[in-house]
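This report refers to the structure that appears directly beneath it.
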Amino acid sequence: MSTRADVKDTAGDNSNDDNLNMAQEQTSRKGFCSVRHGLALILQLCNFSVCTQQMNLSIAITAMVNNTASTGQPNASTERNLTDPQGYWNETLEEFRALAPAYDWSPEIQGVLLSSLNYGSFLAPIPSGYLTGKFQAKYMVGTGLFISSFLNLFIPLAADAGVALLIVLRIVQGIAQVMVLTCQYSIWVKWAPPQERSQLTTIAGSGSMLGSFIILIVGGLLCQTIGWPYVFYIFGGIGCACCLLWFPLVYDDPVKHPFISPGEKRHIVCSLAQQDRSPGWSLPIKDMIKSLPLWAILVSYFCEYWLFYIVMAYTPTYISSVLQANLRDSGILSALPFAVGCICIILGGLLADFLLSRKILRLITIRKLFTAIGVLFPSAILVSLPWVRSSHSTTIVFLVLSSTISSLCEAGALINFLDIAPRYAGFLRGLLQVFAHIAGAISPTVAGFFISQDSEFGWRNVFLLSAAVNILGLAFYLIFGQADVQEWAKEQTFTHL
């Protein structure tokens, strides 16, 4: 009797498994029509909004400051007015600037204003990530996006009120943006099946590249036509509109989502059934400090963002100084690598998940392979740039290729923390952002020092140092990187803080 009962139970289990597999297969066929992919697209819009708000002052400050563009060149534009279309462009630019107020900000004040967004960024990521484990990520991300977008609308008024108020506003805005960039990864702990994690996170992350592209293309045009305040009004308004989508449509847990299908819900829940997601009220700090796989990711973040911030800060300068492009063309050419990179981030995530779902490569192999390609080839390309600068087209192609291939890191080491410790995703994302901000504070300063010391060989030294930093970080990651959930992330049986 017991044997027959066992057989019956087994048959029932097999039937349930078959039904579950059918549900998973049906869900897999939905592709981008699924709720989880819709969530990725909403997060893409959030990252788009945050990125444009991070960069809009960098674009608009040229129009906000008196005589920033024309100082030291009073005769050049006068001579070109009658013979060169560029002279007409400069004259039109001066006329449009009259539509909005201009300020007598010294270069030192401009530097403080541009840096003020990051003043709170060093302190905010870890608390934001930790609090995400205690409260719902939905409200952390939504609140941060709303605060940043709302304050963005008041930047023109703050600029009129004085530099001090503008700096305070930018500091608060930077902290709010950190909340968005840090806390969103906690959502994927409950929404992203392991075999779709790369594509979902890269779809969401591509919004930053898209935002960089759009603000570089549109920002200067807005300043020159309707006035620089509208750069802040428009992109702040887009962020506020995004909040109207975020709060009613996003839920932390697919089980509570009112619009998700039962099949997709079962697929997500069963895919993550073996994953302990509850972070509890304590953190295994000592075990994290001793974890070499975690240090491998931290070092990778620092090294890869070292180059990223140099590219973000100096691509327009490089194109303008080396290719002798004007302001308008420099913005368009600077935006091109970000446009291609936005597409390739998504394609890289899809390829990574394809290789994993078909069991062609193991997860750790995928992470290391994508990281190696995303580091080695761009490093070689950037080191070669000084030798091809005589050819403008080759230089642009090299810059686009570098951005395209480096985007593969988004499906490599940059999301590896979700593999080794999903339950602490919010906290680890905050910690990783600290390392990224440290790299962003150091690398542009070092690059500026090299360029100011030697205008001819400065760029070469910048690219060589960046390549060396990236390759050292890659070597450390290849040696110590892992993709298995770490013991300290499974159970709270260690020494906690």
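Overview of values
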item	result
Whole-Hz couplings from phi, Karplus 6.51/-1.76/1.60, listed for the range 468-473; x for Gly and Pro	5, 4, 5, 5, 4, x
Karplus-derived 3J(HN,Hα), 6.51/-1.76/1.60, for each residue of the range 242-255, Hz, glycine and proline x	4, 5, 5, 7, 5, 5, x, 9, 9, 10, 5, 10, x, 4
Charge sum, other residues only, whose C-beta stays under 15 Å from GLN482's C-beta, Lys/Arg counted +1 and Asp/Glu -1	+1
Filtered chymotrypsin sites (Phe, Trp or Tyr not before Pro), the range 207-298: DSSP coil and at most 15 other beta carbons within 10 Å	PHE259, TRP281
Cα-derived Rg over Rh, computed across the range 139-209 with Rh taken as Kirkwood radius	1.14
Spin-label pair CYS33/LYS359, simplified geometry with 7 Å Cα→Cβ offset, distance in nm	2.9
Area accessible to solvent at TRP459, 1.4 Å probe radius, in Å²	20
Greater than 31 Å apart at Cα, pairs in LYS134/LYS286; LYS190/LYS290; LYS265/LYS286	LYS265/LYS286
Where VAL250, VAL172, VAL400 fall by accessible area, highest first, once all protein chains stay in place (1.4 Å)	VAL172, VAL400, VAL250
Nonlocal amide H pairs with TYR103, under 5 Å, H built at 1.01 Å	VAL65, ASN66
Karplus (6.51, -1.76, 1.60) ³J(HN,Hα), θ = phi - 60°, over the range 134-151, in Hz, Gly and Pro reported as x	9, 10, 6, 4, 3, 6, 5, 5, x, 5, x, 5, 5, 4, 4, 5, 5, 5
Kirkwood-based Rg to Rh ratio, the range 330-456, C-alpha trace	1.03
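The values are calculated or read from the model by the stated rules, or taken from the named source; none is laboratory data. Remember, predicted model here, so these are calculated numbers, not experimental data. Virtual Cβ from ideal backbone geometry, glycine too; neighbours counted across all protein chains shown. For the accessible areas, the whole protein counts, side chains as well, though only heavy atoms, and no ligand, DNA or RNA atoms are used. Shrake-Rupley method; radii C 1.70, N 1.55, O 1.52, S 1.80 Å.
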